[in-house]
Amino acid sequence: MKRPIAGLSVLLLVMLLLPQRPAEARNHPIRTFTFEERGAEVARLYRLGLENDPRNVAAFCEVLKSDDVRVRKAAIAQIVFTHDESALGPVIEAMGDESAWVRRGAIAVLEKLGDPKAIPALEGALTYVPGDVRGEGDPNLNPILRQEEYFNRLAAALALERLGSDAGASTVREILKGPHEKPVLQMAVKCVILMDLKEATPELLRIARECRAFGEDSPGFFAIRALRIMGDPAYAKQMVQLAKDKFDSPGGFIRMEALNLLPELREKVLYGTMARLLGLEPDEPRGT
């Protein structure tokens, strides 16, 4: 009879040693979401949005001037997915909304509609400063904007490019030059690729050179990848030198991307020059 008791004792000891979930976690009910929790008007808009019917766009546009920011957010979210050319005027007006979220949605709608009439409003978004920032500091200095405002500027630049305007190119390059947080720089580099901004190659080279942390999501890693995809051939020697310099950088991702950069350049620069920069013995080039 002692063996089963001993086995039970061991089992109880193991159970006591295992980490236990707090009582509140064990008893926490499953969280469900309903539209009504956000208010009756918000619920109405989301349920109309589920119909995906362009005839509902007028109802969404009507409440874009609501005093309730939750309602305006819900309305612009539905117009993004159920867009129609009838929304052009109201959405252009929404580009002046105090909510960065609403303005981001408006930019997305204007890009989808693709109407050149939206170009002036999108150009305005490139330099938009929210009201709570305008009165602060020296007006001759660049305002300190929240991260979402830079996202909006980059989204507007991309929308302009897709509407046939290059007005946003200088904004993208300017953001690349600034000491911005990682997500902003990442989005700026993505815009460089999507807009094929070869003229931003100097900024990409600088970011890649100065970056010390080369994780898979670092601005330096994104910059080298952008150079590989669309770097200006006029900077081929600088890109080869960059690749050589980054071979010894910590982390496999950056070394892999540096190696991937070389075949892209091999056909665009003299092979002998590249070989000398890398300290290799030149052999027969595949192309010049």
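The values are calculated or read from the model by the stated rules, or taken from the named source; none is laboratory data. On a predicted model such as this, the values are computed, not experimentally measured, just so you know. Virtual Cβ from ideal backbone geometry, glycine too; neighbours counted across all protein chains shown. We work out accessible area using only protein heavy atoms, side chains counted, and drop any ligands, DNA or RNA first. Shrake-Rupley method; radii C 1.70, N 1.55, O 1.52, S 1.80 Å.
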query = Would you say VAL184 is touching a helix residue (DSSP H, G or I) at 6+ places or on another chain (Cβ under 6 Å), modelled with pLDDT under 95 and open to solvent by less than 10 Å² (accessible area, probe 1.4 Å)?
reply = yes
request  = Please find, within the range 120-144, the residue that is surrounded by the most Cβ atoms within 10 Å (Cβ to Cβ) out of those that are modelled with pLDDT of 85 or more and small (Gly, Ala, Ser).
outcome  = ALA125
request  = Filter the range 196-225 down to residues that are open to solvent by less than 70 Å² (accessible area, probe 1.4 Å) and under 16 Å from the mean Cα position of the chain (by Cα) and give me whichever is modelled with the lowest pLDDT.
outcome  = SER218
note = When the range 63-108 is checked residue by residue, the ones that are under 22 Å from the mean Cα position of the chain (by Cα) and within 16 Å of ASP53 (Cα to Cα) are ALA74, ILE76, ALA77, GLN78, ILE79, VAL80, PHE81
key: Which numbered condition LYS117 misses (of (1) at pLDDT 95 or above; (2) of a type in the set (D, E, K, R); (3) assigned to a loop (DSSP other than H, G, I, E, B))   = (3)
